[in-house]
Amino acid sequence: MPQSPIKLAVLVSGGGTTLQNLIDEIAAGRLDAEISVVIASKPGVKGIERAHAAKLMNFVVERKETPDRAPSSKQVFGLCDDAGVDLVCLGGWLCLLDIPQRYAGRVLNIHPALLPSFGGKGMYGARVHKAVLDHGCKVSGCTVHFVDNTYDTGPIILQRTCVVAEDDRPETLAHRVFEQEKLAYPEAI
């Protein structure tokens, strides 16, 4: 009996390049999945534009600047429940979530460094690549990991590496790392 494609929720906070990669991989037949819902952490982000362009159901769940993340987490996972997703994929989602027990082992994140190094609160985007360069690393890469209730500490699923060039800047390293991310996330899913 053939299995149906895995149903994904993709959570975004910015440009949606990871979302676009998953859309492209599914369309090319290299990822047996479907994106059931896209959730953004704020309105007006490019990731929502990408979801609209791909005709994907999408919502915005704003996390108010309060120490209590429970209401927004509940709303996010309620939308995931409503969409019947099998797996939640964070694609540049920058808000810490409270993972309900029913989603334990079903929430993935991709981080643009080789965890456990260069992870944690505030370590995202160009900040990560600058830290890698400032530290003098000769290798960088990406990590796909399960999400727990803290930043970047869940069990690692897989990592892919790339060389750090002598003349790298955060932008050039980010490009090389993203090329590895494009391979790693579909493989992990």
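Using the structure shown, decide if Arg63 is at pLDDT 95 or above and at negative phi.
no
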Practice item. Look at region 143-154 and say how many of its residues are assigned to a loop (DSSP other than H, G, I, E, B) and either open to solvent by 10 Å² or more (accessible area, probe 1.4 Å) or touching a residue at least 60 places away in the same chain (Cβ under 8 Å) (or both). Key: 7
Check your understanding: Under 6 Å by Cβ, and 6 or more places apart or on different chains, what pairs join a residue from region 1-28 that is within 18 Å of Val60 (Cβ to Cβ) with one that is in a helix (DSSP H, G or I) and at pLDDT below 95?
Key -> none
Check your understanding: Going by the structure shown, is Ile110 β-branched (Val, Ile, Thr) and in a loop (DSSP other than H, G, I, E, B)?
Key -> no
Revision key, fill the gap. Among the residues of region 4-20, the number that are part of a strand (DSSP E or B) and open to solvent by less than 30 Å² (accessible area, probe 1.4 Å) is 5
Review point. Which of the residues belonging to region 128-141 are surrounded by 13 or more Cβ atoms within 10 Å (Cβ to Cβ) and either among the charged types (D, E, K, R) or over 22 Å from Val12 (Cα atoms) (or both)?
Key: Lys130, Ala131, Val132, Leu133, Cys137, Ser140
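Going by what's in this entry, would His129 be described as touching a Leu at 6+ places or on another chain (Cβ under 9 Å), assigned to a helix (DSSP H, G or I) and touching a residue at least 24 places away in the same chain (Cβ under 8 Å)?
In short, yes.
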Revision key, fill the gap. By residue number, the members of region 26-40 that are open to solvent by less than 30 Å² (accessible area, probe 1.4 Å) and in contact with a strand residue (DSSP E or B) (Cβ under 8 Å, 6 or more places away or on another chain) are Ala33, Ile35, Ser36, Val37, Val38, Ile39, Ala40
Point to revise | region 72-100, residues that are in a loop (DSSP other than H, G, I, E, B) and either surrounded by fewer than 16 Cβ atoms within 10 Å (Cβ to Cβ) or more than 16 Å from the chain's Cα centre (by Cα) (or both) | key: Gly84, Leu96, Asp98, Pro100
Check your understanding: Got a number for residues in region 21-36 being part of a helix (DSSP H, G or I) and of a type in the set (Ser, Thr, Tyr)?
Key -> 0
Practice item. Filter region 41-59 down to the residues that are open to solvent by 40 Å² or more (accessible area, probe 1.4 Å), at pLDDT below 95 and of a type outside the set (D, E, K, R), then identify the one that is nearest to Asp98 (Cα to Cα). Key: Pro43
Revision key, fill the gap. Considering residues that are in contact (Cβ under 8 Å) with a residue 24 or more places away in the chain, in a helix (DSSP H, G or I) and over 16 Å from the mean Cα position of the chain (by Cα), the number found within region 37-71 is 2
Check your understanding: Counting just the residues of region 160-189 that are closer than 22 Å to Ile26 by Cα and in contact with a Pro (Cβ under 8 Å, 6 or more places away or on another chain), which one comes out least open to solvent (accessible area, probe 1.4 Å)?
Key -> Val177
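Just to be sure, is Ser140 part of a helix (DSSP H, G or I), in contact (Cβ under 8 Å) with a residue 12 or more places away in the chain and hydroxyl-bearing (Ser, Thr, Tyr)?
Here the answer is no, as Ser140 does not meet what is asked.
The values are calculated or read from the model by the stated rules, or taken from the named source; none is laboratory data. Because the structure is a prediction, the values reported are computed rather than measured. Positions of Cβ are backbone-derived with ideal geometry, glycine not excepted, and every protein chain shown enters the neighbour counts. Quick note on the areas: whole protein, heavy atoms, side chains included, nothing else; ligands and nucleic acids left out. Shrake-Rupley method; radii C 1.70, N 1.55, O 1.52, S 1.80 Å.
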